[in-house]
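Below is one structure, written out as structure tokens, with a few remarks after it.
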């Protein structure tokens, strides 16, 4: 498709989106909440959820059906819980003390880049956030994920019909999705939310349109000598194996202090891990990366498939839930230190907690700065230390990282599939992207009793000490 044709196609979608959005400008909070409830309902039916997930796995080859079903339902329920009482229409705050009234306003038409790893959960999450703030939204799915994204769209349109809402509130780029169409969407909408590859995020940031993007994930987890080893191992295995490690929040590296290293490896093995020997690790590295890029034959595939692609014949490896490799360095010459999006976990041996911090900082300096760091410990002060020293926006303590970092029912992070990484990760936000990022606020400012200060109030102590 030529650039001119792409521009015309996207312009038509945007025009329809603006017309639909104008239709809901007068919606009450109750009507807006009905919109988001209609969207969330789409994946509450178990049979429909399963059909969507089977289609997603079939078309992308990534992840597994059972975990995608859990993700769709859990992320949607969690998000709906988070936004249930949120005010997003009209006056949302009126403070006599400050003299400021806050009025919620839509951002306009949102453009959402949908990754192939989450062709269902991500669009539903973004659609709910957009509609909660009375915006329209246009989806740009990955080519592989387009069929399941289209099926989600059809189901959402059916629900919007039921409640008498305009279907053009939620649209998608037409098939086949092309680079030209996606770039045009980025340029013509009012706000971009980009999830997926760093190429997608960079395209969003350079489009000229305000954008929320997320940094690269390369989660590192520290297990110190005070940790409950069996609990930590169980959580790490559960997190790493979820949806075959498609999540940016899956552990990629594990740093274990010397005093507990052997016990941690033994516990991981009991929970289904297999530590590769040196030759097997060489074989895996040679297959996992081809010409410097991740090999699709091992990405988000079951371990048995990985072993078949690599040529690993050991029965324990083929039967394992995850494969462990040992590493001591980081950077391009140590590819296992980076994000793998596979059921492979890199293990580092640290002398003590101070050395674990050194290794974690090195790994983050190579890839994953800003995202998150995991700690398994009974010395909770160490989490505070990491929070002061590590270049990450989240320290996840004694939790299955994949479940916790994107919001969980037993922590207070917002449910999200887009984790901002702050300036460390080249992002404009350090938060889990949620409904608040889809809203403008107009502030009506009244006068209040003057709160003037004198030179003495501000500079008196400094002047007396130094001048």
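A few comments on the model shown:
- Most to least packed among 166-177, 42-53, 20-31 [average Cβ atoms within 10 Å]: 166-177, 42-53, 20-31
- Note on the range 12-149: the alpha carbon radius of gyration divided by the globular reference 2.2 N^0.38 Å gives 1.18.
- Dimensions in Å of the range 317-467 - Rg and Dmax from alpha carbons: 22.2, 75
- Rounded to whole Å, sorted largest first: equivalent-ellipsoid semi-axes of the range 143-186, Cα gyration tensor: 23, 13, 5
- The alpha-carbon atoms of the range 14-76 define a convex hull whose volume equals 111 cubic angstrom per residue.
- Calculated FRET value between residue 19 and residue 92, using beta carbons and R₀ = 30 Å, to 0.05: 0.70
- Among beta bridges that DSSP assigns inside the chain, antiparallel share in %, nearest 5: 25 percent
- Percent of Cα pairs exceeding the 16 Å cut-off, where the set is the range 361-406: 36 percent
- Rg/Rh ratio calculated on Cα atoms of the range 81-209 (Kirkwood radius): 1.03
- All C-alpha to C-alpha distances of the range 265-349, sorted into 10 Å bins beginning at zero, yield P(r) values of 19, 56, 24, 1 percent in whole numbers.
- Antiparallel content of DSSP bridges confined to the range 219-414, in %, to 5: 5 percent
- Column: log10 I(q)/I(0), Debye, Cα scatterers of the chain, q = 0.07 Å⁻¹: -0.40
- The relative contact order of the chain comes to 18 percent, based on Cα pairs under 8 Å that sit 6 or more residues apart.
- Hydrodynamic radius (Kirkwood) for the range 238-297, which is based on Cα pairs only, to one decimal in Å: 13.7 Å
- Whole-number D in µm²/s for the range 219-414 (Stokes-Einstein; Kirkwood sum over Cα pairs; 10 °C, 1.306 mPa s): 96 µm²/s
- Evaluated at q = 0.13, 0.15 Å⁻¹: base-10 log I(q)/I(0), Debye formula over Cα of the range 143-289: -0.84, -0.94
No value in this document is a laboratory result; all are computed from the given coordinates. These numbers were taken from a predicted model, which means no experiment stands behind them. Don't worry about glycine lacking a Cβ; one is built from the backbone with ideal geometry, like all the others, and counts go over all protein chains shown.
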